[in-house]
Structures are given as structure tokens and as C-alpha cells.
Amino acid sequence: MDGNGRWAKQRGKQRIFGHSNGVKSVREVVEECARLGIEYLTLFAFSTENWSRPEDEVNVLMKLLVTSLKKEFKKLAENNIVLKTIGNTAALPEVVQKELAFVIEKTKNNSGMNLTLALNYGAREEITQAFRSLAVKVKNSIISPEKVDQSVINEHLYTRNMPEVDLLIRSSGEKRISNFLLWQIAYAELYFTKVLWPDFRKEELHNALLNYENRERRFGKTSEQLNA
Ligand code: IPE
Ligand code: MG
């Protein structure tokens with residue numbers, strides 16, 4: 001979800017104005033994904049690198065997260081959504097952790113879309129902690145080195161219970177991954193749009209999904225094999 005700051009700047013406003021309008025896009029996209037029957041939606045809300053932003057902006061983002069969780073909680077329940085997080089959430093401010101824990105607990109028995117917020121998330125940090133916990137297990141003979149394969153690595157990532165990524169969308173015209181789900185996007189389809197996040201609404205989501213529908217996912221095979 002990129003482009004909040006530029007969206008605000010274009011309107012001669014503070015970056016914060018962009019973030020609060022970005023929340024409206026989140027609301028609309030989440031609801032529409034749930035309506036369409038998408039099973040997993042993961043939003044990159046705050047990266048391990050975002051801490052280097054001005055303190056004021058970080059504080060506003062954290063406050064916005066708390067108020068949005070409070071405000072949107074009912075909508076999540078109405079839409080049968082299960083909320084989860086990936087990332088080092090233990091390092092988030094206590095109020096944020098509390099609010100997250102509350103909503104996670106309240107939505108855990110829902111059976112609809114899995115909405116995952118990537119918070120204080122960085123793919124390299126995720127992979128590092130996976131290596132670390134695997135190293136400890138090897139050292140303590142809980143697992144032998146020969147047993148470390150792709151599925152064992154998967155089990156040590158934050159995304160352990162989630163399926164492969166099918167589609168990754170990045171808004172605002174940047175064509176980079178910025179440390180998001182590096183392991184998991186090995187075969188994801190990538191979609192880049194110039195639209196700034198606060199303008200990324202239902203129609204933009206539909207455009208991305210229609211574009212995805214027309215991709216041929218070969219997973220290393222030939223087109224002929226797939227069509228046989
Ligand atoms: C993305 O918008 C929102 C977060 C990182 C929370 P930006 O704040 O990165 O907006 P730009 O890139 O400055 O326009
Ligand atoms: Mg940005």
C-alpha cells in the first residue's frame with residue numbers, strides 16, 4: 001500500500017492526510033475481497049524499515065492503526081473475517097498490541113476471509129528468525145540437518161499456515177518489492193499500478209484481478225504442457 005504521502009502532497013496537505021485516506025482504501029478493498037470470496041488478503045501496513053521515518057509520522061501511523069481496529073472491528077465481524085498478523089508485533093507499542101490481541105481473539109472463530117496485517121514486518125527479518133530457530137533445533141538435535149527442506153523452512157516463517165501468494169499488488173508506480181514476503185512470492189504474479197494507494201478502490205482492485213486472470217501461470221512448464 002504505497003503512495004499515501006504523495007497523494008497528500010498533490011493536494012497541498014500533510015502526509016498524515018494521505019494515511020487517513022489510505023485507511024478508506026483499506027476498508028473498501030478488504031470488503032470487496034471478502035465479497036469476491038478471496039480467501040487470503042495480506043496488507044503490508046508497516047515495515048521494519050518504516051521505523052526510520054520521522055517520529056511524528058510513526059506515531060500517527062500507530063494511532064491510526066489503533067483507531068481503525070477499534071472502528072472497523074464490527075465490520076470485520078459482519079464480514080466473517082479472521083484477523084491475523086505477520087511480523088515482529090512484540091516490538092509494537094503496547095496499545096497497538098492490546099488492540100490487535102483483542103480483535104484477533106474476537107475474530108478467531110470466523111470462517112470467512114483471512115485478513116493478515118504485516119506489521120513491523122520485513123522478509124529478511126522473518127527469514128533470519130527462521131534460520132535462528134532452526135539452528136537452535138539442529139543444535140539440540142530436535143531436527144537433523146538432512147531434514148531441513150522447503151516445507152520445514154516454510155513452517156518456521158510467519159506465514160506458516162498460509163497458502164502460496166498468487167498475486168502481489170503494489171500501488172504508486174514503484175517497481176520494487178521492498179522486503180515483502182521474499183520467500184513466498186517465488187511464483188507470485190506481480191502487478192504494479194501508478195495509482196496512489198488512497199485512490200486504489202474497488203475499480204482498481206477489479207483491474208488488478210482481471211489482469212491476473214489473463215496471466216498464464218506455468219510454474220516452469222511449457223504452455224503446451226499446460227494446454228494438453
Ligand atoms: C504507504 O504510503 C503507507 C505506509 C508505509 C504506511 P507512503 O507513506 O509510503 O507514501 P509515499 O510513498 O511517501 O507517497
Ligand atoms: Mg512509500
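Rule-based calculations on the coordinates, nothing more; no lab input. These numbers come from a predicted model, not from an experiment. All Cβ positions, even for glycine, are placed from backbone atoms using ideal geometry, and neighbour counts span all protein chains on display.
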For this session: Report, in debye and to the nearest 20, how large the dipole of the chain comes out about its Cα centre when Lys and Arg carry +1 and Asp and Glu carry -1 on their Cβ.
Result: 480 debye
Exercise. Among rounded, prolate and oblate, which fits the chain when a ≥ b ≥ c are the square roots of the eigenvalues of its C-alpha gyration tensor, a/c under 1.5 means rounded, and a/b larger than b/c means prolate?
Worked result: oblate
For this session: For an R0 of 41 angstrom, estimate the FRET efficiency from the Cβ-Cβ distance between GLU224 and ARG27 and round to the nearest 0.05.
Result: 0.40
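Using the crude model of +1 on Lys and Arg Cβ and -1 on Asp and Glu Cβ, and no other charge, please compute the dipole size for region 104-167 relative to its Cα centre, in debye to 20.
300 debye
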For this session: At a Cα cut-off below 21 Å, give the lysines reachable from LYS98, other chains included and same-chain residues fewer than 8 away excluded.
Result: LYS63, LYS70, LYS71, LYS74, LYS75, LYS84, LYS106, LYS108
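So between SER111 and GLU49, what do we pick up on full extension, going 0.36 nm a residue minus the alpha carbon distance?
19.0 nm
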For this session: Positive end of the charge dipole of region 154-202 (Lys, Arg +1 and Asp, Glu -1 on Cβ, about the Cα centre): tell me which of TYR187, HIS156, LEU168 has its Cα farthest that way.
Result: LEU168
For this session: Would you be so kind as to identify which of PRO93, PHE219, ASN80 lies farthest towards the positive end of the dipole of the chain, taking Lys and Arg as +1 and Asp and Glu as -1 on Cβ and the Cα centre as origin?
Result: PRO93
Exercise. Under unit Cβ charges (Lys, Arg +1; Asp, Glu -1), what dipole magnitude, rounded to 20 debye, does region 119-228 have relative to its Cα centre?
Worked result: 320 debye
Problem set entry | Selected from THR128, TYR40, VAL29, residue furthest toward positive end of dipole (the chain; charges at beta carbon) | VAL29
Exercise. Stretch HIS206-VAL138 to full length: gain in nm at 0.36 nm per residue minus the Cα-Cα span?
Worked result: 19.9 nm
Seminar exercise, completed: Pseudo-spin-label distance GLU216 to VAL58, built 7 Å along Cα→Cβ, given in nm, is 4.8 nm
Seminar exercise, completed: Least to most buried among TYR121, TYR191, by other C-beta atoms within 10 Å and fewest first, runs TYR191, TYR121
Seminar exercise, completed: Mean-square fluctuation maximum in Gaussian network of the chain, Cα pairs under 10 Å, restricted to GLU99, GLU174, GLU55, hits GLU55
Problem set entry | 5 Å-binned pair-distance histogram of region 18-89 (Cα, whole percent) | 3, 13, 25, 26, 18, 10, 4, 1
